[in-house]
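Written below as structure tokens is the structure these notes are about.
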Amino acid sequence: MRILFITSTRVGDAVLSTGILSYLIDRHPDARVTVAVGPAAAPIFHAMPGLERLIPITKLSYGRHWFDLWRRCILRRWDIVVDLRRSLIAWMLVAGKRYVVPKSEAPMHRVELLAATVGLRDAPPSPHLWTDRRHDAAAADIIPTERPVLALAPAANWRGKQWAADRFVALAERLTAPDGPLPGAPVAVFAAADERDQINTVLTQIPADRLIDTVGAIDLPTIAACLKRCALFIGNDSGLMHMAAAGGTPTLGLFGPSRQELYAPWGTRTAWVRTPQSFEDLTGAPGYDHRTTGSLMGGLSVEQAEAAARSLWHASQGDAP
């Protein structure tokens, strides 16, 4: 059996799509799977069982990337084609079954919408991260198990969603203080190499003897393995947030100019906190342009984030509702 799975170019959306892919692999354990995905998100699938081929989708003018994908796939007969991009590719290939993500008739979480693609909206499978022994061994060298580790992801793919770096530092100080839920805990910081300048304040203000700096140093599967070993994750609405939640780490997402009802971290050990201003208030302001507007997260205080983090931590330990 051959499966073609067409998913997102963005890391976060690709992670959210792994639930239905894992579901298909469980149902068809002998299937050979081809994943068409953006280059940045492709490493998420490197350790996936049954992977036959990864096809990078690099956006080209006039939609030429879709022709390139069609050209690479047309000579095969596919038993199942899943198209989460509504690209028409599913209808241009020889396939036994075709699943195309539906348009949302009402606001729903992205995981639920993707699950509806394969008829599982009422029981959406949770996102899943695949790692192998190499990634797990590397993570064991990076994240200690002697005491809990606090994970931070203070960057974002655009400035509007990025909470101030000095607030991440203040929050980490409170959570790892002697009276905090993670007293004396090491702090692991995750971000891409090109995001180092954005978060330099975090890297320089966390005490050096407790800082675990992974920025730009490890690949996504190793990051996934590292996040699984952390006790608590706090980050902006980002791909790393979704990776932490998929790995089962208690995950707090910070929201402002993005919709938590669509993109909150998914799972039983997750929570979110947002600015007092709504998404509509922030993105509807005069002069708003996501390409040039600075951070819109200023309304979210350290106190609010701390309260949400403490609540999530206690709930994850089973000693709070």
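The values are calculated or read from the model by the stated rules, or taken from the named source; none is laboratory data. Computed from a predicted model, the values in this text were never measured in an experiment. Cβ coordinates were reconstructed from backbone atoms using ideal geometry, including for glycine residues, and neighbour counts include every protein chain displayed.
Within the range 281-321, the set of residues being polar (S, T, N, Q), over 17 Å from A244 (Cα atoms) and part of a helix (DSSP H, G or I) comprises T283, Q304, S311. Of the numbered conditions (1) touching a Lys or Arg at 6+ places or on another chain (Cβ under 8 Å); (2) buried (at least 19 other Cβ atoms within 10 Å of the Cβ); (3) farther than 30 Å from R133 by Cβ, A172 satisfies every one except a single condition; which is it? (1) is the only condition that A172 fails.
Suppose we filter M297, M241 for residues that are more than 17 Å from the chain's Cα centre (by Cα), surrounded by 24 or more Cβ atoms within 10 Å (Cβ to Cβ) and touching a residue at least 24 places away in the same chain (Cβ under 8 Å); which single one remains?
Working: M241 fails: more than 17 Å from the chain's Cα centre (by Cα).
Answer to the check: M297.
Given R110, R134, which one is assigned by TED's automatic domain parsing to the domain that holds D26, touching a helix residue (DSSP H, G or I) at 6+ places or on another chain (Cβ under 9 Å) and closer than 24 Å to G248 by Cα? Of R110, R134, the one residue that is assigned by TED's automatic domain parsing to the domain that holds D26, touching a helix residue (DSSP H, G or I) at 6+ places or on another chain (Cβ under 9 Å) and closer than 24 Å to G248 by Cα is R110.
Results for (1) closer than 24 Å to D122 by Cα; (2) small (G, A, S), shown as yes or no for each residue.
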position	(1), (2)
S8	yes, yes
L16	yes, no
I20	yes, no
R27	yes, no
L88	no, no
K97	yes, no
V101	yes, no
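Counting the residues of the range 54-71 that are loosely packed, with under 14 Cβ neighbours inside 10 Å and at negative phi gives 7.
Checking each residue in the range 25-52 for being exposed (fewer than 13 other Cβ atoms within 10 Å of the Cβ) and closer than 19 Å to L220 by Cβ picks out P39, P49.
Give me the residue from the range 1-58 that is assigned to a loop (DSSP other than H, G, I, E, B) and among the charged types (D, E, K, R) and, out of that set, modelled with the lowest pLDDT. Let's see the steps before the verdict.
Of the range 1-58, the ones assigned to a loop (DSSP other than H, G, I, E, B) are 1, 7-10, 28-31, 38-41, 46-50, 57-58.
With among the charged types (D, E, K, R) added as a condition, the list becomes 10, 30.
Working: R10: 93, D30: 96.
Across the range 1-58, the extreme among qualifying residues is R10.
A Cβ distance below 7 Å, combined with a sequence gap of six or more or placement on separate chains, defines the contacts here; from the range 48-69, residues that are in the same structural domain as I25 (by TED's automatic domain parsing) and hydrophobic (A, V, I, L, M, F, W, C) reach residues that are surrounded by 16 or more Cβ atoms within 10 Å (Cβ to Cβ) and in a helix (DSSP H, G or I) in the pairs L51/F45; L54/A42; L54/F45; I55/L69; I57/H65; I57/L69; W66/I89; L69/I89.
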